[in-house]
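Read-outs: derived from the displayed coordinates by stated rules, not from any lab. All figures in this text were calculated on a predicted structure; none of them were measured in a lab. Here the Cβ positions follow ideal geometry from the backbone for every residue, glycine too, while neighbour counts run over all protein chains shown.
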Amino acid sequence: SFTADPAAVLNFGGGTLHLLGTTFTDAQNGTLSNQSIIDATNGSVTNVLVSGTLSGTGGLTFEGTAGQTVFDLMPAATHDSFTGAVSILSGTLNADMLDVGVSSNLNIGNTGTLNLTADTGGNTYAGNITGTGQLNLAFATAGSTLEIAGTDKFTGNTVLGSNGNKGTLQIFNGSFGNISEGAVGSSLVIGGDPSVAISGTVILGSNSYTGSTTVNT
């Protein structure tokens, strides 16, 4: 296991960090200057915690063991502000919506799982979501709405209210497949927010949620 020194700063400049122990913890603020990789695929890594605030124009790619490695990207006090892409190729990533960047592109690989928490009230995510993995949307409070405003091509499984809180997913353009419920009565809204300057076509796959579906625009 590894815990970063309290006085250390861990910056990512585009290389690959190979983790060989069982756990990795970094609570320091850092800068992402390029797309960088955290590789935890050696078979023994179970948890990676990056709780410092990350800034910069770079992004992060996470790769772990499916069903075993859990990445926690959740700063305790402030939110991350980096603008690069986030990719979870395999393993599970836990993140608040504001900690993956409100405009960063998200990719969820076939054996990757993203547990994404929407904050209290309304949230607008302007990046693009792609991939074929698992997207679990948790709502901080019942009745919250998560707007996804990018041109999305996500064909994996999407679960609404995975933490038990009923909420609403609002989408504007792109493809979403296999939408189901973690909280009964969660809803889907297509279009309808004049503050989001996006229009297009929404393509839905096979779905099993029982909440309402509203097509506004």
Name all residues of segment 65-97 having a backbone nitrogen under 20 Å from the label point set 7 Å from the Cα of N163 along its Cα→Cβ direction, giving them as ranges.
-> 70-81, 92-97
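Using the Cα centre of the chain as the reference point, and only Cβ charges (+1 on K/R, -1 on D/E), how large is the resulting charge dipole? Debye, rounded to the nearest 20.
360
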Contour excess over end-to-end distance, with Cα ends at A142 and H18 and 0.36 nm allotted per residue | 40.7 nm
Give the calculated FRET efficiency between S208 and A8 to the nearest 0.05, with a Förster radius of 45 Å applied to their Cβ-Cβ distance.
-> 0.45
Assign one of three labels to segment 9-121, namely rounded, prolate or oblate, based on the Cα gyration tensor with a ≥ b ≥ c the square roots of its eigenvalues; rounded applies when a/c is under 1.5, prolate when it is not and a/b is larger than b/c, and oblate otherwise.
-> rounded
Dipole of segment 1-143 [Lys/Arg +1, Asp/Glu -1 at C-beta], most positive-end residue of L98, V50, T25 = L98
Note the full-extension length gain between S81 and N29 as 0.36 nm times their separation in residues minus their Cα-Cα distance, in nm to one decimal.
-> 17.6 nm
Note down the relative contact order for the chain as a percent, whole number, built from C-alpha pairs under 8 angstrom at least six residues apart.
-> 11
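What shape does segment 61-107 have by the C-alpha gyration tensor, where a ≥ b ≥ c are the square roots of the eigenvalues, rounded means a/c under 1.5, and otherwise prolate means a/b greater than b/c and oblate the rest? Could the numbers behind the result be given before it?
Numbers: a/c = 3.00, a/b = 1.49, b/c = 2.02.
Note, shape of segment 61-107 comes out oblate.
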